[in-house]
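Below: one structure, written as structure tokens.
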Amino acid sequence: MNFMTNNLPSFHLDDQIPGDLAAYPAVQLSEYSNWASVARWGAKIFISASKPLKEVKKIAGKLKHVTDDDMNLVLRALRFVQDEIRYLGIEFGINSHKPYSPHIVLKRRFGDCKDKSLLLTLVLHELGIKAWPVLVNSECKRYKCCKGLGFIGEAHSRLC
């Protein structure tokens, strides 16, 4: 594969340019042809890390003991993951893309966005609330860099 260009004009990048503006020409390469392929890949990774755990059942039981209102359950589950699991990303090897098992995350009391998203999703499932992990690029504030496959930088949970 060759990429070649000639006679490119020079330009000065202004210090005040927004960080999410794609100021330079770019090429994106991926082994995936579309977002559906990426979604299938991501689903496999999250499913392989999401085995039923008694720790998750215990957390859900405690939350249900306080309230049975779905909105309050969602808020309490979110608060648990935000307050009790410190954010810390250790992005090495397979776990740069695959979340750690919730068992490990609960034992360590820390995890990155993938870990926390998976834990929240599993707690919500235990509470009878439909939720799925969602891969997003939170740096695409203006959606300019999201025209192609782009870079997926974070995982979040989607509620239905």
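Go over the candidates N2, N7 one by one and state the one that is modelled with pLDDT of 85 or more, exposed (fewer than 10 other Cβ atoms within 10 Å of the Cβ), of a type outside the set (G, A, S) and farther than 21 Å from K114 by Cα. Lay out the reasoning, then the answer.
Details: N2 fails: modelled with pLDDT of 85 or more.
Being modelled with pLDDT of 85 or more, exposed (fewer than 10 other Cβ atoms within 10 Å of the Cβ), of a type outside the set (G, A, S) and farther than 21 Å from K114 by Cα holds for just one of N2, N7, which is N7.
Can you find a residue in the range 102-122 that is over 30 Å from P25 (Cβ atoms), at pLDDT below 85 and of a type outside the set (A, V, I, L, M, F, W, C)?
Step one: filter the range 102-122 for residues over 30 Å from P25 (Cβ atoms), giving 102-112, 114-122.
From what's left, at pLDDT below 85: none.
Checking the range 102-122: not a single residue is over 30 Å from P25 (Cβ atoms), at pLDDT below 85 and of a type outside the set (A, V, I, L, M, F, W, C).
Tell me which helices (runs of 4 or more DSSP H) are completely within the range 1-111 and hold 3 or more residues being over 17 Å from the mean Cα position of the chain (by Cα), or say none if there are none. Can you show your working first?
Details: elements: 35-48, 54-66, 70-84, 102-108.
Passing ranges, in order: 54-66, 70-84, 102-108.
Using beta carbons and a limit of 8 Å, which pairs, at least six apart or on different chains, have the first residue in the range 88-110 and farther than 21 Å from I47 by Cβ and the second one exposed (fewer than 15 other Cβ atoms within 10 Å of the Cβ) and acidic (D, E)?
R109/E84
Can we say I152 is at pLDDT below 90 and either within 28 Å of Y24 (Cβ to Cβ) or not in a loop (DSSP other than H, G, I, E, B) (or both)? Explain how you work it out, then say what you get.
Numbers: at pLDDT below 90: yes; either within 28 Å of Y24 (Cβ to Cβ) or not in a loop (DSSP other than H, G, I, E, B) (or both): yes.
Criteria met by I152.
Quick one: I129 ticks every box in (1) modelled with pLDDT under 90; (2) not in a helix (DSSP H, G or I) except a single one, so which number is it?
(1)
Take the range 45-76 and flag every residue that is surrounded by 15 or more Cβ atoms within 10 Å (Cβ to Cβ) and either at pLDDT below 85 or under 15 Å from G111 (Cβ atoms) (or both). Step through it out loud before you land on a result.
Restricting attention to the range 45-76, the residues satisfying the condition of being surrounded by 15 or more Cβ atoms within 10 Å (Cβ to Cβ) are 45-46, 49-50, 53, 55-56, 59-60, 63, 73-74, 76.
Hits for the range 45-76 are I45, F46, A49, S50, L53, E55, V56, I59.
The values are calculated or read from the model by the stated rules, or taken from the named source; none is laboratory data. What you see is a predicted model, and the numbers here were worked out from it, not measured in a lab. Note: ideal-geometry Cβ built from the backbone for every residue, glycine included; neighbour counts use all protein chains shown.
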